[in-house]
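A short reminder: the numbers here are calculations on the coordinates, not readings from a lab. Model, not experiment: these values are computed from the prediction. FYI the Cβ positions are ideal-geometry reconstructions off the backbone, even for glycines, and counts take in every protein chain you see.
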Amino acid sequence: MEERRFVVQRHRATRDHYDLRLELDGVLVSWAVPKGPTLDAAARRSAFKVDDHPLEYFDFEGVIPRGSYGGGDVTVWDWGTWLPARTEDPTGALRAGELHVDLNGQKLHGRFALVRRSREGEENAWLLVKKRDPDAVAGWDPEDHPRSVKSGRTNDEVAADPAYLWRSDLPAAQAAVPVRPQEPTEAELAALDALRERGTWPVHGRDLRVTNLDKVLFPGRDGEPPVTKREFLRYAACIAPTLLPYLTGRAVNLHRYPDGAGRKGFWHKELPAHAPEWLARWDNPEADPGETVTYLVVDEPAALVWAANFGALEWHPWTSRTDAPQLPTYALVDLDPGPATTWEDLLALARLHRTAFEHLGVQAFPKVTGRRGIQVWVPIARGPSFDETRAWVERLSKTVGAVLPDLVSWKWEVASRGGKARLDYTQNAVNKTLVAPWSTRPAPGAPVSVPITWEELDDPDLRPDRWTVRDVAERLRTAGDPFRPALTVEQRLPTLA
């Protein structure tokens, strides 16, 4: 008979366990084994039948966000091939409640039996037994062999530095979202430098038609030369893998400045007719009757480079995903300074928010905007509506604002605020967005909206437009991405008294 694949994943979730998965009938038939498979024929392992998993999950190693089903870290503890034993109909044997298999893995070898317990109410309760054969090893303990056969890493190492996140709300083919940046190669960057004013640039697996490469998009600042489109595209290609996890599965609003920063810009939502076919798209179901509004979905790095070439100097992802556009996955706090707001005033407001989040036990992630402000993203489990997240942020911000009432106004129009800052909770609405982390802003020098740690609010050198496309790479090298943990948090917003 034809060999099939099997995998055992070591999974630290609510309870630590091992997941045994056999490829069968187009899925991974799965059991959770609390103590893990063993080569000890004298041992009997409890195994609990769980839902079948998609084949795309076979070699997943990384982190499932907390708050999601199975949230925790996963390693590929063993893998290999299997053959059914004592039957030519493994599907029927499985249905009957007793399946014998011969495993040929890197750790597990020989014959095993999966036997369903016959007691009432235990339809999902099975036993995993190692048969007595030449591969049996007395006293063999899986905990003595903790390292992944895929990467050589332990669960602790994967949890500290995951390569992938598993997003169960995305299609299985897209659910393993890469976390580690994979920058363009030196050859790809050299190819961009070698182009004249226009041409085809092979980057991130796509051949992109790029134009006006020597056009100035951002004026220089502090005596520096201006930023050309060529340099901007280089930045987009380099930052795209870092930025991609924040955009995957979301519609993206593009703030276009076809004539460059400082000139007239406009929001561009519907993809143009000349957009290449390979770009991922999403038709907004909430569009007016008879109208189709097709948004860009940036699900691969080359799509961001295409948007940059299209003249989009800012990238704004929705806070909800395309499969549930009415359910946000972030609550947003926007500290919007007024004309009379000093940087120290804004830092005072941000520090009060820091204290409030600490008191509430809420994980929140700040970033400077690249202009004058500070924004805070609060990752949440899907469930609350935009009305509910807006009401929560409003209550939080008004509580914070009451501590420093001389600094804050709740009026919308800048002219009517008396120069004060606004704690803008109204961005918590469908298709209202804040600029993405690591996005450029349309200002001299090509400043970038950079994630920071809460501790950096006390750094005397911090400024809202401190980093530009020319020094973000060094920032990433030395400080990493402080926003990255937001991708693994799905929390409930606590009730505010």
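Here are the numbers for this structure:
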{"read-out": "Segment L360-K269, extension gain: residue separation times 0.36 nm, minus the distance between their alpha carbons", "value": "29.1 nm"}
{"read-out": "Relative contact order (%) - criterion: Cα under 8 Å, at least six apart; region: the chain", "value": "12 percent"}
{"read-out": "Loop sites in region 69-140: chymotrypsin sites (Phe, Trp or Tyr not before Pro), DSSP, at most 13 other Cβ within 10 Å", "value": "Y69"}
{"read-out": "Residues L407, L304, L457, sorted so that the one with the fewest Cβ neighbours within 10 Å comes first", "value": "L457, L407, L304"}
{"read-out": "Label-zone membership for region 59-79, site T14, 7 angstrom Cα→C-beta point, backbone N under 17 Å", "value": "64-73"}
{"read-out": "Loop-located trypsin sites (Lys or Arg not before Pro) in region 89-195 whose Cβ has at most 16 other Cβ within 10 Å (DSSP)", "value": "R117, R119, K131, R132, R147"}
{"read-out": "Mean Kyte hydropathy of -0.5 or more with a Cα span along the axis of at least 15 Å, helices from DSSP in the chain", "value": "229-247, 343-360"}
{"read-out": "Residues V149, V137, sorted so that the one with the fewest Cβ neighbours within 10 Å comes first", "value": "V137, V149"}
{"read-out": "Difference of contour (0.36 nm per residue) and Cα-Cα distance, A479 to S151", "value": "115.6 nm"}
{"read-out": "Amide H within-cut-off set for N253, under 5 Å, with H built and near neighbours excluded", "value": "H316, W318"}
{"read-out": "Trypsin sites (Lys or Arg not before Pro) within region 322-414, DSSP loop, no more than 14 other Cβ atoms inside 10 Å", "value": "K411"}
{"read-out": "Two-decimal Rg/Rh across region 182-317, once Rg and the Kirkwood Rh are taken from alpha-carbon atoms", "value": "0.98"}
{"read-out": "Centre separation in Å (Cα based) which lies between region 97-117 and region 307-349", "value": "52 Å"}
{"read-out": "Listed peptides 422-430, 478-486 by packing density, highest first (mean Cβ within 10 Å)", "value": "422-430, 478-486"}
{"read-out": "Distance between region 192-243 and region 137-179 - C-alpha centres, whole angstrom", "value": "36 Å"}
{"read-out": "FRET efficiency for R221 and D59, using Cβ-Cβ distance with R0 set to 51 Å, rounded to 0.05", "value": "0.65"}
{"read-out": "Projected area, mean over directions - region 328-497, Cα convex hull, nm²", "value": "9.8 nm²"}
{"read-out": "Relative contact order (percent, whole number), region 119-230, Cα cutoff 8 Å, 6+ residue spacing", "value": "11 percent"}
{"read-out": "For region 432-497: rounded, prolate or oblate by the Cα gyration tensor [a/c cutoff 1.5]", "value": "prolate"}
{"read-out": "Cα gyration tensor, region 60-203 - rounded (a/c under 1.5), prolate or oblate", "value": "prolate"}
{"read-out": "Point-to-point label distance, R371-Q106, nm (Cα→Cβ direction, 7 Å offset)", "value": "5.0 nm"}
{"read-out": "Candidate lysines - alpha carbon under 22 Å from K229, same-chain residues fewer than 8 apart omitted", "value": "K215, K264, K269"}
{"read-out": "Region 13-89, relative contact order in percent, only Cα pairs under 8 angstrom and at least six apart counted", "value": "24 percent"}
{"read-out": "Within the chain, percent of DSSP bridges classed antiparallel, to nearest 5", "value": "95 percent"}
